[in-house]
1. Can you pull out every residue in the range 1-29 that is under 18 Å from T187 (Cα atoms) and of a type in the set (S, T, N, Q)?
2. Residues of the range 146-164 being surrounded by 10 or more Cβ atoms within 10 Å (Cβ to Cβ) and part of a loop (DSSP other than H, G, I, E, B), which ones?
3. Working only within the range 23-54, note down all residues that are over 25 Å from Y143 (Cβ atoms), aliphatic (A, V, I, L, M) and touching a residue at least 60 places away in the same chain (Cβ under 8 Å).
4. So which pairs qualify, if the first residue must be in the range 194-212 and on the phi > 0 side of the Ramachandran plot and in contact (Cβ under 8 Å) with a residue 12 or more places away in the chain, the second must be loosely packed, with under 12 Cβ neighbours inside 10 Å and in a helix (DSSP H, G or I), the Cβ gap must be under 7 Å, and the two must be at least 6 apart or on different chains?
5. So V107 passes all but one of these: (1) surrounded by fewer than 14 Cβ atoms within 10 Å (Cβ to Cβ); (2) at pLDDT below 85; (3) hydrophobic (A, V, I, L, M, F, W, C). Which condition number does it fail?
6. Out of the range 110-145, which residues are surrounded by 15 or more Cβ atoms within 10 Å (Cβ to Cβ) and not hydrophobic (A, V, I, L, M, F, W, C)?
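The values are calculated or read from the model by the stated rules, or taken from the named source; none is laboratory data. Quick caveat: nothing in here was measured; it's all calculated off a predicted structure. A quick note on method: Cβ atoms are made from the backbone with ideal geometry, for glycine too, and the neighbour counts reach across all protein chains shown.
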Amino acid sequence: MKVSDWLWVINDWVIPRARPLSKADSEKQQARQIEEAAESERRVEALPDEESILVGYLGECAKLLEAEDARRQSVEGRLTSVMGLSSIAATIVFGSILAQASGTLHVQRVWLRWVLALGALYLALQLCCAIIAALCGLERRGYLSSPPRDIFPSPTGEARSIHLRRQILNCLNLLSDHQSLNNAKVTQMAIAHCATRNFIWFLLFLAIVGAYGGITSSGRGDDLIETLRKNHEVQELLRGPQGPPGPKGEPCHAQPKPPLVRRHGRRP
């Protein structure tokens with residue numbers, strides 16, 4: 001692998017995106033499409049004029065077009081699922097980021113706090129990449145479609161064989177256009193799957209790091225209490241400033257209670 005290939009591998013783990021074709025590869029692809037269209041036209045022109053044979057080939061082309069339409073629906077369904085799952089996960093990640101920002105999530109260790117903060121940022125980045133790729137794959141595209149008039153022969157006395165050949169060529173042109181647009185949707189689906197894969201693997205990594213931090217910091221509260229008990233300077237600081245000493249009082253001794261005196265009153 002070249003250095004550029006390794007850079008694109010790293011790019012897939014950071015910000016997944018489609019790798020553009022080089023100028024030579026793009027020209028080869030266009031030349032191949034033009035050559036395939038010309039070869040298809042030559043083979044259609046070489047077909048016999050028998051109506052049953054032409055109708056059979058037209059039916060096969062229509063099946064290929066239906067299969068390509070089913071492929072488009074499958075890709076769009078997967079993109080919709082990815083966007084829905086990514087939206088739910090993005091809500092959870094955004095809630096954790098808000099908890100860290102507001103101080104609701106208390107993490108004592110500094111390195112663990114940094115790992116959780118940067119990890120939440122990376123997860124949010126991957127979810128954004130997946131949602132954007134799904135939206136790009138589901139965006140409106142200009143698919144070619146045959147007008148209704150192509151179903152009928154030309155009013156100028158077009159032969160049946162010529163009409164069927166024209167329908168076959170039109171179906172092949174539609175098939176080539178649909179394939180190119182669906183390939184672009186598949187590329188966006190691959191980007192969304194790559195971002196989802198990065199999200200899952202890094203989420204597992206954060207779970208392992210969080211579990212390790214939770215296990216190793218279980219007795220941190222007891223250690224802190226013992227440190228406060230042994231550190232006299234911290235105890236004096238917590239006790240606060242002391243006032244000036246006052247006069248000592250005399251000890252209070254218990255004295256006997258005086259006897260009760262009954263007063264006898266006169267009766268009226």
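1. N11, S22, S26, Q29
2. First pass over the range 146-164, keeping only residues surrounded by 10 or more Cβ atoms within 10 Å (Cβ to Cβ): 146, 150, 153-154, 158-164.
Scanning the range 146-164 gives S146, P153, S154, E158, A159.
3. Matches in the range 23-54: L47, L54.
4. Going by the 7 Å Cβ cut-off, there are no qualifying pairs.
5. So V107 meets the others, but not (1).
6. Passing the criteria: R113, G119, Y122, Q126, G137.
Okay, residues lined up against (1) over 28 Å from the mean Cα position of the chain (by Cα); (2) of a type outside the set (D, E); (3) surrounded by fewer than 11 Cβ atoms within 10 Å (Cβ to Cβ):
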site	(1), (2), (3)
W13	no, yes, no
A18	no, yes, no
D25	yes, no, yes
A31	yes, yes, yes
S86	no, yes, no
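Residue by residue, here is whether (1) of a type in the set (V, I, T); (2) surrounded by 12 or more Cβ atoms within 10 Å (Cβ to Cβ); (3) more than 15 Å from R166 (Cβ to Cβ); (4) under 31 Å from the mean Cα position of the chain (by Cα) holds:
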| residue | (1), (2), (3), (4) |
| --- | --- |
| S40 | no, yes, no, no |
| V44 | yes, yes, no, no |
| L47 | no, yes, no, no |
| E51 | no, yes, no, no |
| V55 | yes, yes, no, no |
| V75 | yes, yes, yes, yes |
